[in-house]
1. Scan the range 61-76 residue by residue and report those that are surrounded by fewer than 18 Cβ atoms within 10 Å (Cβ to Cβ) and either in a helix (DSSP H, G or I) or assigned by TED's automatic domain parsing to the domain that holds residue 313 (or both).
2. Just the residues that are modelled with pLDDT of 95 or more, part of a helix (DSSP H, G or I) and either within 22 Å of the chain's Cα centre (by Cα) or within 14 Å of residue 87 (Cβ to Cβ) (or both), please, taken from the range 23-43.
3. Could you tell me which of the residues 181, 150 is surrounded by fewer than 17 Cβ atoms within 10 Å (Cβ to Cβ) and more than 9 Å from the ligand (Cβ to nearest atom)?
4. Name the pairs whose Cβ atoms lie under 7 Å apart, with the first residue in the range 122-141 and over 9 Å from residue 100 (Cα atoms) and in contact (Cβ under 8 Å) with a residue 12 or more places away in the chain, the second part of a loop (DSSP other than H, G, I, E, B) and near the ligand (Cβ under 6 Å from one of its atoms), and 6 or more positions between them or separate chains?
5. Checking the conditions here, which among 296, 289, 386 is within 16 Å of the ligand (Cβ to nearest atom) and not assigned by TED's automatic domain parsing to the domain that holds residue 35?
6. Among the residues of the range 361-372, is there at least one that is more than 10 Å from the ligand (Cβ to nearest atom) and either under 28 Å from residue 250 (Cα atoms) or part of a helix (DSSP H, G or I) (or both)?
7. Within the range 213-250, track down each residue that is part of a helix (DSSP H, G or I) and surrounded by fewer than 20 Cβ atoms within 10 Å (Cβ to Cβ).
8. Quick check on the range 92-99. Is at least one of its residues within 13 Å of the chain's Cα centre (by Cα), part of a helix (DSSP H, G or I) and within 16 Å of the ligand (Cβ to nearest atom)?
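The values are calculated or read from the model by the stated rules, or taken from the named source; none is laboratory data. Owing to the predicted nature of the structure, the values given are computational and were not obtained by experimental measurement. Glycine also receives a Cβ, built like all others from the backbone with ideal geometry; neighbour counts cover every protein chain displayed.
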Ligand SMILES: Cc1cc2nc3c(=O)[nH]c(=O)nc-3n(C[C@H](O)[C@H](O)[C@H](O)COP(=O)(O)OP(=O)(O)OC[C@H]3O[C@@H](n4cnc5c(N)ncnc54)[C@H](O)[C@@H]3O)c2cc1C
């Protein structure tokens, strides 16, 4: 394996680094300085972050590996990894468009019709349409196949009824990609369909609610006798075939757990900051654990380079994305826990390490809990018998 970067890749890195430095400073200044930027999971912060997303888009950095026709810059997956490293190294903000760009978009590329792709993708990169994920329900979390929200075929569209919950940033988004039961006689994974729903459709109620840390990061979404016209999203509201929603959704989870949602750059930057923190707060008893955590971040980077090599060779991510997800989510907890141990009582509850730690604790839950990922890895990667 050749682990060196070509001259053009190094030039790409330098260009990304320079752009991020200049534009982050400008974005901070526009909003009264870095300290004045609120969490993207608050109403004020979301608006600030949208301004950032639109700046990224204007510079051609919103989705670097996409075709230019959809708002990308035709970069390779390797260059995307480089961009991600630079993004987190620069301490650029979390992407409030991530559930669209990193979860829905790869699925639209795989299953969308040309008309859907032409409409959905450019508006997504431009942060004009903001997408949230409407899968979980009060009685369908880990057991996602228990979905009971219904979509019934009617003349010219669908009639929707039901409820979604834990919809990240749902209160601030314009559109939802949801799973609905379209065959009332079906059970479990069969008879589901993947629908694209504008949240301003009559009969949709979005009720934001606060998290323990006070941010209004979640919403419940209610569908009461909603008429969703076939052309409510130009190109069509059905993504993939009717009744094939589970298969389409599994492609989304491959992106969520596998390559796109949590790239190594995020953890490499956190590990580098942890090492810096150690220099200012040395604690020899933690040296070994910190070194190991840093090595795990590096290992994730090497593993991902191998993944990209395989994908470039035509492989697709399957159940092994579950192993990936266990790795990055547990690594994130470890890196933040170590920082809090270094800081001791000096760790401020609202400080970046504490806030980061609080969020890291949700990593083993979202994108499918790690217990479920271990079941998948045991049964589908290792071929162990079902329990
Ligand atoms: C930060 C965050 C953001 C989220 N964003 C979204 C979003 O945008 N859209 C969305 O649709 N959902 C979202 N979710 C919801 C998430 O997908 C669910 O929380 C997750 O799937 C678990 O479901 P649950 O909360 O109902 O827990 P449960 O399914 O009730 O699980 C409770 C516990 O039981 C364990 N368990 C359950 N079944 C098994 C089993 N068979 N074997 C072993 N252990 C088991 C679980 O691992 C867990 O520890 C988000 C969650 C979080 C924390």
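1. 68, 69
2. Within the range 23-43, 23, 24, 27 meet the criteria.
3. The unique qualifying residue is 150.
4. From the range 122-141, the pairs are 134/167; 136/166.
5. Numbers: 296 fails: within 16 Å of the ligand (Cβ to nearest atom); 289 fails: within 16 Å of the ligand (Cβ to nearest atom).
Unique residue meeting the criteria: 386.
6. Taking the range 361-372 first, the residues more than 10 Å from the ligand (Cβ to nearest atom) are none.
No, because not a single residue in the range 361-372 is more than 10 Å from the ligand (Cβ to nearest atom) and either under 28 Å from residue 250 (Cα atoms) or part of a helix (DSSP H, G or I) (or both).
7. First pass over the range 213-250, keeping only residues part of a helix (DSSP H, G or I): 245-250.
Residues satisfying the conditions are 246, 247, 250.
8. Initial filter on the range 92-99 (within 13 Å of the chain's Cα centre (by Cα)): 94-99.
Filter once more, keeping what is part of a helix (DSSP H, G or I): 98-99.
Then keep just the ones that are within 16 Å of the ligand (Cβ to nearest atom); that gives 98-99.
Checked the range 92-99: at least one residue is within 13 Å of the chain's Cα centre (by Cα), part of a helix (DSSP H, G or I) and within 16 Å of the ligand (Cβ to nearest atom).
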